[in-house]
Amino acid sequence: MKKVKYTNITINGELIDELHVFYDNDGNLIVLPLLFSIDLTRTGTVFSFKTISSIDRFKTSEFKEKTILTRCDVSHNTETTYLSHLLKYLEYCESNSLPDDELEHCTEIADNEDISLFLNYEYPDKIEKYTTLKGMKSAITAYYNFLTHLGITNQRSFKIKKEVRKKLLEKEAQNFQIKYIHSSIIKELLLASKTKADNLVIQCGYHLGLRAKECAGLILNGKGGLSELIEQYKKEEKDTSSYPIRTEYFEYQLKSKYTKGGKSRLLYIPRNMVRDIESYIATERADIIALSKYPEPNGLLLNAAKSHFGKAISTKHASTVFRQLKTNVTALKEYHSFHCLRHTFATLLYDKKIKEGQGKNDAIREVANALGHALNKYGDAYKTTVRYIVMRDYMNIVEKAA
């Protein structure tokens, strides 16, 4: 059994850049998967069932429901992943065929019980991650929906059992250093902060998703500086009208020279954090400036250590603060670092967008933009961002276990 990728194939006068073709162990073409591959590659879509309701023409108080097949866009990465999953499913069909059955050539006869047996009992023992199983389920669903569209078979309905999901997630969690930090531990970190500056450093990672070095990029004065946001915040706080404006998130542009990729991006600072920034400026920061022998830096956060008292923080300052606070928060693991706050921010943002009803691709693109990650030529996120899909599963394990 093999899957061969051909490039620049012409079918009925249409040029296809890339086509995956399936062959059995004897080198024979497997037709139905090929048709699925052609349709997937040509359209960039898969079929899914959608239930729609309509009012009965003669009984206006009643609704009629019907299920229809609709096309849904998928990314190029998803296309490739689905076809790889399909190959593994075909290998399973081939290995479980009786002599002369050749199930890989007649997958349309597999029923819900057959597919469920593969998903819940055969395949999970061969993999380490729950996301792999979810991907396999999605690929098989897309394949059989396509066969239903062709009129070759009927709709298939199968589920991943809860105990299988739980077992794989727990297995994965044991083999993976979970970079998500539980909400209760975040509270401990904030409470353990001895200064307002240290508290803000933790918030920079947790609320803004900043890298350690990017914390030095929060500039106070000048066009687009934090001072403008502080003034807006103060103005709103003084508004005693019946319907006062209360901005929930304040927009700030992090300049390109402070980012890893050299590309500026927008940060959305929560109102409570702007309040804490104002308090820090009026107290700790003002005291440091008054006692410092150096000219006032334009950075928000200033160094309070004796050797660099009054200077702007270094690019390693946030990591140092986290490491020092870590000694007082015993729930943190050895592998936890300041960067884990960024992972936590991204996971929570992805979870929020999914709960708001966004599709996975749209939600992960928003995470990529918030983190300053690039998108590929198809407009999809790279693996560095896509990992937050599974991080969300870890988050649910960690939060529920507490």
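Since every read-out is calculated from the coordinates, none of them should be taken as a lab result. Predicted model, so just to flag it, every value in this text is computed and none were measured. All Cβ positions, even for glycine, are placed from backbone atoms using ideal geometry, and neighbour counts span all protein chains on display.
Computed quantities for the displayed model
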{"read-out": "Translational D in µm²/s for region 183-401 (Stokes-Einstein at 20 °C, 1.002 mPa s, Kirkwood Rh from C-alpha pairs)", "value": "115 µm²/s"}
{"read-out": "Rg/Rh (Cα only; Kirkwood hydrodynamic radius) as it applies to region 84-127", "value": "0.94"}
{"read-out": "Local electrostatic count, residue 46, Cβ distance below 10 Å [Lys/Arg +1, Asp/Glu -1]", "value": "-2"}
{"read-out": "Relative intensity, log₁₀ I(q)/I(0), of the chain from a Debye sum that treats every alpha carbon as a point, q = 0.09 Å⁻¹", "value": "-0.73"}
{"read-out": "Volume per residue of the C-alpha convex hull in region 229-292, rounded to whole Å³", "value": "103 Å³"}
{"read-out": "Debye equation applied to the C-alpha atoms of region 285-402, log10 I(q)/I(0) at 0.12, 0.13, 0.14, 0.18 Å⁻¹", "value": "-0.65, -0.72, -0.79, -0.96"}
{"read-out": "For peptides 191-203, 20-32, sequence by mean Cβ density within 10 Å, most packed first", "value": "191-203, 20-32"}
{"read-out": "Region 2-174, Rg to Rh (Cα coordinates; Rh as Kirkwood inverse mean 1/r)", "value": "1.02"}
{"read-out": "The chain: angle of helix 271-280 to the longest principal axis, Cα-based, in degrees nearest 10", "value": "30 degrees"}
{"read-out": "Protection proxy ranking of 154-163, 364-373 - average other beta-carbon atoms within 10 Å, highest first", "value": "364-373, 154-163"}
{"read-out": "Length released on extending from residue 354 to residue 109, taking residue separation times 0.36 nm less the Cα-Cα span", "value": "84.7 nm"}
{"read-out": "Where labels lie 7 Å past Cα in the beta-carbon direction, separation of residue 256 and residue 223 in nm", "value": "1.5 nm"}
{"read-out": "Calculated FRET efficiency for the pair residue 42/residue 268, C-beta based, R₀ 41 Å, to 0.05", "value": "0.55"}
{"read-out": "Per-residue [θ]222 nm for the chain (sum of -39500 (n - 2.57) over DSSP H runs n ≥ 4, rounded to 500)", "value": "-14000 deg cm²/dmol"}
{"read-out": "Cα-projected label distance for residue 77 with residue 294, points at 7 Å along beta-carbon direction, nm", "value": "4.0 nm"}
{"read-out": "Once the Cα gyration tensor of region 80-237 is diagonalised, semi-axes √(5λ) in Å", "value": "53, 20, 13"}
{"read-out": "Net charge of Cβ neighbours under 11 Å - reference residue 363; Lys, Arg +1; Asp, Glu -1", "value": "+2"}
{"read-out": "Distance in nm between pseudo-label sites at residue 320 and residue 246 (7 Å out along the Cβ direction from Cα)", "value": "3.8 nm"}
{"read-out": "Estimated dipole of the chain in Debye, rounded to 20 [Cβ of Lys and Arg +1, of Asp and Glu -1, Cα centre]", "value": "2140 debye"}
{"read-out": "Rg/Rh for region 169-226, where both radii come from Cα atoms and Rh is the Kirkwood radius", "value": "1.13"}
{"read-out": "Of every Cα-Cα pair in region 106-160, the percent that sits beyond 14 Å", "value": "52 percent"}
{"read-out": "Residue exposure sequence - 340, 106 - by fewest surrounding Cβ within 10 Å", "value": "106, 340"}
{"read-out": "Over 24 Å (Cα to Cα) - which of 179/383; 134/352; 50/129 fall in this group", "value": "50/129"}
{"read-out": "Förster radius 56 Å - calculated FRET efficiency between residue 150 and residue 399 (Cβ-Cβ, nearest 0.05)", "value": "0.80"}
{"read-out": "Residue 287/residue 328 FRET efficiency (R0 30 Å; Cβ-Cβ; nearest 0.05)", "value": "0.80"}
{"read-out": "Full-extension gain in nm, residue 14 to residue 91, via 0.36 nm per residue minus C-alpha separation", "value": "24.7 nm"}
{"read-out": "Tilt relative to the chain, helix 31-43 - C-alpha long axis, 0 to 90 degrees, to 10", "value": "40 degrees"}
{"read-out": "Degrees separating the helix 130-150 axis from the principal Cα axis of the chain, which is the longest one", "value": "40 degrees"}
{"read-out": "Amide H contacts under 5 Å for residue 253, placed H, 5+ residues apart", "value": "267"}
